[in-house]
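Encoded as structure tokens, the structure appears first; notes follow it.
The values are calculated or read from the model by the stated rules, or taken from the named source; none is laboratory data. For clarity, every value in this text was computed on a predicted model and none was experimentally measured. Note: ideal-geometry Cβ built from the backbone for every residue, glycine included; neighbour counts use all protein chains shown. Remember, those area values only see protein heavy atoms, side chains included, never the ligands or the DNA or RNA. Shrake-Rupley method; radii C 1.70, N 1.55, O 1.52, S 1.80 Å.
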Amino acid sequence: MNSTKKINLHILTLLSFFFLSVFAGCEDNTLKRPEPGNPGSQPKETARTMGEADREYIRELAREFAQELRKEIGSSVGDVKADQPSKEKTFTEFSGLLDESGNPHPLLAHCSDTVLDFYLKHKDAFQISSINQLPKDLRWEDGSKENEFSSPDAKRGGTWKTFMSDFPRTLRTIGPDANGAFRRYLLDYNGVGLVMTHPNSDGYYPGLAERWALGEDGRTVYFQLDGDARYSDGQPVRASDFFFTFYFMRSKHLQAPWYNDFYGKDKFLKVTLFNKNTLSITYHSAKPDLVERISIRSIPEHFYDELGGDYLKKYQWVQEPTTGPYVVRKEDIKKGQSVTLTRLSNWWADQKKFYRNRYNPDRIMAQVIRDPSKAFEVFLKGDLDMFSLSKTDYWYEKLPDTHQLVSDGYLTKVTFFNQVPPPSYALRINSSKPPFDDLNIRIGFQHSMNFDLVLQKIFRGDFERMRTVADGYGKRSHPTLQARKFSVDLATKFFAKAGYRDRGKDGILINDAGKRLSVELLTGYKHLEDVLVVLREEAKKAGLDLKLKILESTAAFKTASEKNHQVVFSAFSSFVELFPRFWEPYHSDNAYSPSGKEKFTTDGTLRSDIVVKTSTNNFTQTAVLEIDQLIDQYRMEENLKGITSLAHQLSKLIHDHAVYVPGWKKPWLRMGHWNWVAFPEDWGPRETRDYAEFQVFWIDEDKKLLIDDARKNGRKLDAQFGVRVYEKHRINL
């Protein structure tokens, strides 16, 4: 048979198969594909009824047909003229998302049609270029000049026993209920981004990228992935996963508006893939901390493929494959009791610089202990390895320096001075809820809160009062602004302006209609109830009735996220970064819909038909046009001097809006640990916010056996390190 006849026969066979498949598929439901984007559709493997012609299905068959046809033609022609070079573009020459025949680039060949269509719809933001187009003059960095911050003395093994105040509502790290305390073990202290911020310097060290370079435009960072980088399921991290990250994070199926915005096209302008290990990301402006801002984590496309309306339910109790060392196995989820994480035996970064000698325990067991006092008792029995002693009564009374467990050498008490923006312990006032929709009530409320007495009585002067909404950012923090002082005279003066002039028989102010000045204060911090009791009793002096509502932490957070509170006492961990964030907690787009200026009238007041937006961090429901405009300007500013000026203006405007009552901050962290837990010589990095954050400690199982035996036989051990103070990073010694 000659070559021409051979080709014709192949074409005829393939055409016959293609058309038979298409038309037979109209009757055979087992061949049908779920329609992409339909929230009610089942996963790809599940059959469905065709109904009208399924264009997506036909297009897929056509694509497969075209690919097979090219292969057949290429091989047949090769039989005739094997010495003729192929006219197809080589991999390195193939640029663009699709070739001239409509086939996806090899880097995207695995993509579902829905995901590919998303890239094509936004092809200005998702581009593929030849590796030959990579700038030649890039100055690559790899963090090699940075020092490691772990200890070569660290030992692998053992189980780290810790606790959580409530059982997690989900193993998802994105979406409703995903921002609970357990998330730190899944993501915050476990995942690896493109590049990691060094906690002892202003530099960076490798993450998923082994090296990186800043582009000439000042807005683009180039990354070369570490070829060893793997997800916990063994799949490699692909450059195309960083395309998928934006498809994922911008999806409305997540029900996560913060992530939708953070990864928005207005900020991340373009992602370019050069080959399977090289990419660049272009930001909207040249920020002083650009590398840190752009160093996002990868989302494993092979795990999600595409998203639908079943996202929340489908992944409720399934851990996303992680690039970090710890995973949750199904059998280690004990509903309502505990969750245990297991260290990967073949973690890809195990012996790499900056990761070796960290993440040392083989297992992390987080058990539910809802009452902090009960948790402390469990700690003293040796069934928890470490316990925070930040509360003064724990440090001075419940575990004093003279406690037998300390003096006998079993436990160590640690004070570690760090340098980080403090967690924002504060009272957040919901300005949309009466009576707090009146500015005078908000100012009066602030003057009714006696935090000075809290610092003196509860914290024995060890803590300091926060001053603003953005303390701890160096020159970016307002230099002179102070929190409002407790003053009965000033409080009653502002309450009177709002109509509360007379006191009832119980001493609480009432207005002309006889309504008492009574508000509810919500919190999920049972362990800080004594703080709130002091505030409640002092508020009575100013004629304010403060009703405390103390829930479990996840329930309280959910209530506040749904904006069903008047005042919430909470703390957000602050990012260790060059300047503070204002958009998340104070922009109107996180308070109401519609977005932007559409929610305001021509005179700058809020429209009556706006809708409350839930699941955001704007717990104060701040929606002020002037604040919005400054935040928008702040987010676009590239010059550090301009950023500093705008940060000061915003801090002052939010202070004047009176929705945030600053609580306290501490220049250190305090904790106790059993002496079978060991730390590096300097204990931890400068920017440590929590003893678990960088996981530089280890469990010494031999020492544990020794201590257990000594306790059993009443034998003392060396107690010279019973109380330790680490002042290396203390400011103004």
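Before moving on, here are some points about what is shown:
- Complete set of residues in the stretch 600-634 that are in a helix (DSSP H, G or I) and open to solvent by less than 60 Å² (accessible area, probe 1.4 Å): Leu625, Ile627, Asp628, Leu630, Ile631, Tyr634
- Cβ separations smaller than 7 Å between residues 6+ apart or across chains give the following pairs from the stretch 293-307 residues that are more than 16 Å from Arg230 (Cα to Cα) and at pLDDT below 95 to residues that are open to solvent by 10 Å² or more (accessible area, probe 1.4 Å) and part of a helix (DSSP H, G or I): Glu306/Thr114; Leu307/His253.
- Among the residues of this structure, Thr340 counts as one that is hydroxyl-bearing (Ser, Thr, Tyr), more than 25 Å from Gly203 (Cβ to Cβ) and either over 17 Å from the mean Cα position of the chain (by Cα) or open to solvent by 20 Å² or more (accessible area, probe 1.4 Å) (or both).
- Qualifying position, being at pLDDT below 95 and either more than 26 Å from the chain's Cα centre (by Cα) or part of a strand (DSSP E or B) (or both), among Lys652, Lys597: Lys597
- Selection from the stretch 98-133 of residues that are within 25 Å of Trp212 (Cβ to Cβ), among the aliphatic types (A, V, I, L, M) and at pLDDT 95 or above: Leu107, Leu108, Ala125, Ile128
- Residues satisfying the stated conditions in the stretch 220-230, i.e. open to solvent by 10 Å² or more (accessible area, probe 1.4 Å) and either under 22 Å from Val327 (Cβ atoms) or part of a loop (DSSP other than H, G, I, E, B) (or both): Asp226, Gly227, Asp228, Arg230
- Selection within the stretch 291-320 - open to solvent by less than 10 Å² (accessible area, probe 1.4 Å), part of a loop (DSSP other than H, G, I, E, B) and either out of contact with any Leu (no Cβ under 9 Å at 6 or more places or on another chain) or among the small types (Gly, Ala, Ser) (or both): Ser298, Ile299, Pro300
- Residue ID - farthest from Arg250 (Cα to Cα), chosen from residues in the stretch 261-281 that are buried (at least 20 other Cβ atoms within 10 Å of the Cβ) and in contact with a Leu (Cβ under 7 Å, 6 or more places away or on another chain): Phe274
- The residue pairs whose first member lies in the stretch 373-401 and is buried (at least 20 other Cβ atoms within 10 Å of the Cβ), whose second member is among the basic types (Lys, Arg) and part of a loop (DSSP other than H, G, I, E, B), and whose beta carbons are closer than 9 Å, counting only pairs six or more residues apart or on different chains, are Trp395/Arg460.
To keep it simple, each residue is scored yes or no on (1) of a type in the set (D, E, K, R); (2) open to solvent by less than 40 Å² (accessible area, probe 1.4 Å).
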position: Val195; (1), (2): no, yes
position: Arg211; (1), (2): yes, no
position: Gly218; (1), (2): no, yes
position: Ser251; (1), (2): no, yes
position: Pro288; (1), (2): no, no
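- Boolean, Tyr500 is open to solvent by less than 30 Å² (accessible area, probe 1.4 Å), more than 22 Å from Trp395 (Cα to Cα) and modelled with pLDDT under 95: no
- Residue-level check: of (1) open to solvent by 20 Å² or more (accessible area, probe 1.4 Å); (2) under 23 Å from Ile699 (Cα atoms), Arg460 misses just (2).
- Selection status of Asp177, in contact (Cβ under 8 Å) with a residue 24 or more places away in the chain, open to solvent by less than 10 Å² (accessible area, probe 1.4 Å) and among the acidic types (Asp, Glu): no
- Positions within the stretch 655-678 being surrounded by fewer than 20 Cβ atoms within 10 Å (Cβ to Cβ) and in a loop (DSSP other than H, G, I, E, B), in sequence order: Lys666, Pro667
- Restricting attention to the stretch 184-207, the residues that are outside any loop (DSSP other than H, G, I, E, B) and in contact with a Pro (Cβ under 8 Å, 6 or more places away or on another chain) total 2.
- Meets criteria (touching a residue at least 40 places away in the same chain (Cβ under 8 Å), within 25 Å of Lys526 (Cβ to Cβ) and in contact with a helix residue (DSSP H, G or I) (Cβ under 7 Å, 6 or more places away or on another chain)) for Asn430: no
- Qualifying residue in the stretch 526-544 (condition: in contact with an Asp or Glu (Cβ under 6 Å, 6 or more places away or on another chain), within 30 Å of Pro372 (Cα to Cα), touching a residue at least 12 places away in the same chain (Cβ under 8 Å) and surrounded by 14 or more Cβ atoms within 10 Å (Cβ to Cβ)): no
- Pairs linking a residue in the stretch 468-482 that is in contact (Cβ under 8 Å) with a residue 24 or more places away in the chain and β-branched (Val, Ile, Thr) to a residue that is part of a helix (DSSP H, G or I) and surrounded by fewer than 20 Cβ atoms within 10 Å (Cβ to Cβ), with Cβ atoms under 9 Å and 6 or more positions apart or on different chains, are Thr468/Lys652.
- Checking Glu210 against (1) at pLDDT 95 or above; (2) over 21 Å from the mean Cα position of the chain (by Cα); (3) assigned to a loop (DSSP other than H, G, I, E, B), the condition it does not meet: (3)
- When the criteria are applied in full, Gly51 fails the requirement of being farther than 24 Å from Gly215 by Cβ, assigned to a loop (DSSP other than H, G, I, E, B) and at pLDDT 50 or above.
- Filtering the stretch 602-642 to residues that are acidic (Asp, Glu) and under 22 Å from Phe262 (Cβ atoms) leaves Asp628, Asp632, Glu637, Glu638.
- Scan of the stretch 421-455 for residues that are surrounded by fewer than 20 Cβ atoms within 10 Å (Cβ to Cβ) and outside any helix (DSSP H, G or I), ordered by number: Pro423, Ser432, Lys433, Pro434, Asp437, Asp438
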